[in-house]
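Here the structure comes first, spelled out in structure tokens, and everything after it is commentary.
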Amino acid sequence: MNIVITGFMGTGKTTISQKLSKKLGWDYVDTDKIIEKNTNMNITDIFSKFGETHFRNLETEAAKISMEKDKQVIATGGGIVLKDENMDIFKTNAVIINLSAKAETIYKRIRGSKTRPLLNKPEPLKEINRLLKARSRFYKECNYRVITDGLNVNQIVNKIYDYLKKNKY
């Protein structure tokens, strides 16, 4: 079994996944890092050269690769849930945790970042709201949701850990 951490950009997927993997004594895996390793390109360059559709296909391959082993905490890209195939891959052998936050919180966390290709828009806060709305139904398919607004890393990790223990994962 694995634990998949998903959610919108800026919700803490990478940090939380790393901390949770240490707490559990499991391996940490990042689907974006799998993509970057397999393509020898960073995510921003993949988006700009090949577009979002190509990137989403690469995410599906990364999802498959990430599920080849057990006892891993897997951080995903925020849009990986957009393809039903990816969720189906994860549901075969993982608990899927969604990290969530208000658009304003996300914007404060990520503004100024040069590595967020979907935010290269004139009004990033509007874009965040639009994307959150579009992805909400996908995030609802996750086993557990943690609203990260106002919580620190340890509080978020402990909420997930308690959920896993309570549900005997």
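The values are calculated or read from the model by the stated rules, or taken from the named source; none is laboratory data. Quick caveat: nothing in here was measured; it's all calculated off a predicted structure. Cβ atoms come from the backbone with ideal geometry, glycine included; neighbour counts cover every protein chain shown.
Scanning the range 65-84 for residues that are farther than 16 Å from residue 18 by Cα, surrounded by 14 or more Cβ atoms within 10 Å (Cβ to Cβ) and at pLDDT 95 or above returns 65, 67. Of all the numbered requirements in (1) within 30 Å of residue 167 (Cβ to Cβ); (2) in a helix (DSSP H, G or I), residue 3 misses one, and that requirement is (2).
Is the range 87-107 home to any residue that is touching a Pro at 6+ places or on another chain (Cβ under 7 Å) and at pLDDT below 95? For the range 87-107, residues touching a Pro at 6+ places or on another chain (Cβ under 7 Å) and at pLDDT below 95: present. The set of residues from the range 101-144 being of a type in the set (Ser, Thr, Tyr), surrounded by fewer than 17 Cβ atoms within 10 Å (Cβ to Cβ) and more than 16 Å from the chain's Cα centre (by Cα) comprises just one member, 113. Any residue in the range 65-80 that is without any contact (Cβ under 8 Å) to a residue 40 or more places away in the chain and within 15 Å of the chain's Cα centre (by Cα)? No, the range 65-80 contains no residue that is without any contact (Cβ under 8 Å) to a residue 40 or more places away in the chain and within 15 Å of the chain's Cα centre (by Cα). Considering 33, 22, the condition of being surrounded by fewer than 22 Cβ atoms within 10 Å (Cβ to Cβ) and more than 27 Å from residue 150 (Cα to Cα) is satisfied by 33 alone. Cβ-Cβ contacts under 7 Å between residues 6 or more apart (or on different chains), taken from a first residue in the range 32-56 that is within 17 Å of residue 14 (Cα to Cα) to a second residue that is assigned to a helix (DSSP H, G or I) and among the charged types (D, E, K, R), are listed as 35/59; 42/36; 43/32; 43/36.
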